[in-house]
Amino acid sequence: MLHLDPNAASTSAKPGSDVDLTRSVLILLDLELGVTGIGLDTQLLADGHLDSLGVLDLVLLLETTFGLTLDEDTLSVDDFATVPAIVDLVRSSLGESIQ
């Protein structure tokens with residue numbers, strides 16, 4: 001299992017920034033779920049890149065990678081529609097205000 005540090009510093013952004021989270025989500029989608037060739041505006045569910053089992057796998061990966069506990073009762077398909085939506089979900093679940 002891939003473990004990413006969401007607080008790892010990068011040369012292009014401050015630690016824990018949206019850029020770092022976006023990069024981490026893209027890596028998870030690519031290496032762990034085989035979702036490749038996507039952009040930030042790609043509709044992951046509508047375009048068939050993720051199905052319901054893929055979303056479940058992604059939830060587990062996000063929880064493990066970022067140390068989150070996602071409440072399945074509050075999750076919606078909109079949370080997984082695009083990479084930025086997933087980043088927003090992670091950021092809000094971490095309780096951070098990233099600028």
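Where a number appears in this text, it was derived from the coordinates with a stated rule and is not lab data. As the structure is a prediction and not an experimental result, all values here were calculated from the model. Neighbour counts run over all protein chains shown; Cβ positions are idealised from the backbone, glycine included.
Observations
- Karplus-based coupling profile of the range 42-49, in residue order and whole Hz: 5, 7, 5, 7, 4, 8, x, 6, with θ = phi - 60° in 6.51 cos²θ - 1.76 cosθ + 1.60 and x standing for Gly or Pro.
- With contacts taken as Cα pairs under 8 Å and at least 6 residues apart, the range 16-90 reaches a relative contact order of 42 percent.
- For Ala85, neighbours were defined as the other residues whose beta-carbon sits under 11 Å from its Cβ, and their charges (Lys and Arg +1, Asp and Glu -1) total -3.
- Positive minus negative residues near Leu56 (Lys, Arg vs Asp, Glu; Cβ under 12 Å): -4
- Residues Thr74 and Asp30, FRET efficiency given R0 of 22 Å [Cβ-Cβ distance, rounded to 0.05]: 0.25
- Sum of side-chain charges, Ile38 neighbourhood, beta-carbon under 12 Å (Lys, Arg +1; Asp, Glu -1): -3
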